[in-house]
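Chemist: Dropping a structure here in structure tokens format, bear with me for questions.
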């Protein structure tokens, strides 16, 4: 996570410089995804060739590169999509949620088909990385075809004309842009602090089921991903016109803390599987819907030439929320 934050802070500093412009969208995407696919293949390749401390060192380096490239590609995608109508942002985050579902399905398939041994876990990991690399390869192909589509060319030309007529320099007004969307930045940060402090740590470590046994964490994580997918798809039905209500809903997500605390220390009926699964689904739906709405509204809150900077700001806030939420997740282990 520290590598992720470092990559995004670099982009932030880059975007505040009046002398250096951000690279074109396609260039950023190709670089990010190119390094991404290389880093993905390091784990299975080193596992096949070498073992021991060397494998761990190489894998750690690859992980740093991987998460950095994910955030570079992610912030570029959000920023570029912000220049398009809102339905395209919906597609981006529906794809993001689909990725979570695919990971859950892969985990279910590998757990059901492979033995719970060191070799079985190693094979499961290799399958995940190889399939992920193939998907990213497909994304690289799509990235280089996307700019040729008539609809994309139309909006790019429209934005170029708008930028030529504008006297505002996006690169020199980063803080000014962030100030415009400060409540949206705060909301996405708070949403991910709450979600990541509960998912996946609490769901995999702090609840037990005598019926589902070691399948229980996988079921809960899959439930969250299903909810996240449904929440992001709900924006196809309704997106609020203003951001005020969405921000208040994000702040209200802290109510999940006492509810999940009740699943651990509350009445006996809350200890059963049904309340935990229902709350997990609700957490996923709220996370997916609120994230998607915030990412749709944020670029529309500023002039079109500032959309990419907004994407970097929102993605940075999201990732910092991930880091803080993951750290807060450890607090469940000290709670009695």
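Bear in mind that the values in this text are calculations on the coordinates, not laboratory data. Only a predicted model underlies this, so the values are computations on that prediction, with no experimental measurement involved. Because the Cβ atoms are built from the backbone with ideal geometry, glycine has one as well, and the counts that use them run over all protein chains shown.
Chemist: Based on Cα positions only, what radius of gyration and what Dmax would you give for region 215-321, in angstroms?
Modeler: So, for region 215-321, Rg and Dmax equal 16.3, 55 Å respectively.
Chemist: Stick to the Cα atoms of region 282-321, pair each with every other, and give me the Kirkwood hydrodynamic radius in Å at one decimal.
Modeler: On the way: mean 1/r = 0.0929 Å⁻¹.
One over the average 1/r among Cα pairs gives 10.8 Å for region 282-321.
Chemist: Among 310, 185, 323, which comes first, then next, by fewest other beta-carbon atoms within 10 Å? Show your work: numbers first, answer last.
Modeler: On the way: 310 29, 185 22, 323 16.
Lowest to highest Cβ neighbour count: 323, 185, 310.
Chemist: Take region 243-286, compute every pairwise Cα distance, and split them into 10 Å bins from 0; I just need the percent in each bin.
Modeler: Going out from 0 Å in 10 Å bins, region 243-286 shows 27, 46, 21, 5 percent.
Chemist: While we're here: Taking R0 as 30 Å, what's the FRET efficiency between residue 268 and residue 215 from their Cβ-Cβ distance, rounded to 0.05?
Modeler: For residue 268 and residue 215, the calculated efficiency is 0.85.
Chemist: How do 139, 250 rank when sorted from fewest to most other Cβ atoms within 10 Å of their own Cβ?
Modeler: The order, fewest Cβ neighbours first, is 139, 250.
Chemist: For residue 147 and residue 41 in one chain, what is 0.36 nm times their gap in residues minus the Cα-Cα distance, to one decimal in nm?
Modeler: 35.4 nm
Chemist: To continue, here is another question. Mind checking the full-extension length gain between residue 330 and residue 116? Use 0.36 nm per residue of separation minus the Cα-Cα distance, one decimal, nm.
Modeler: That pair, residue 330 and residue 116, stretches by 74.4 nm at full extension.
Chemist: What order do you get for 237, 37 when you list them from fewest to most C-beta neighbours inside 10 Å?
Modeler: Sorted ascending by nearby Cβ count, the order is 237, 37.
Chemist: For region 265-336, just the Cα set please: Rg and Dmax, both in angstrom.
Modeler: Cα radius of gyration and Dmax of region 265-336 are 17.4, 55 Å respectively.
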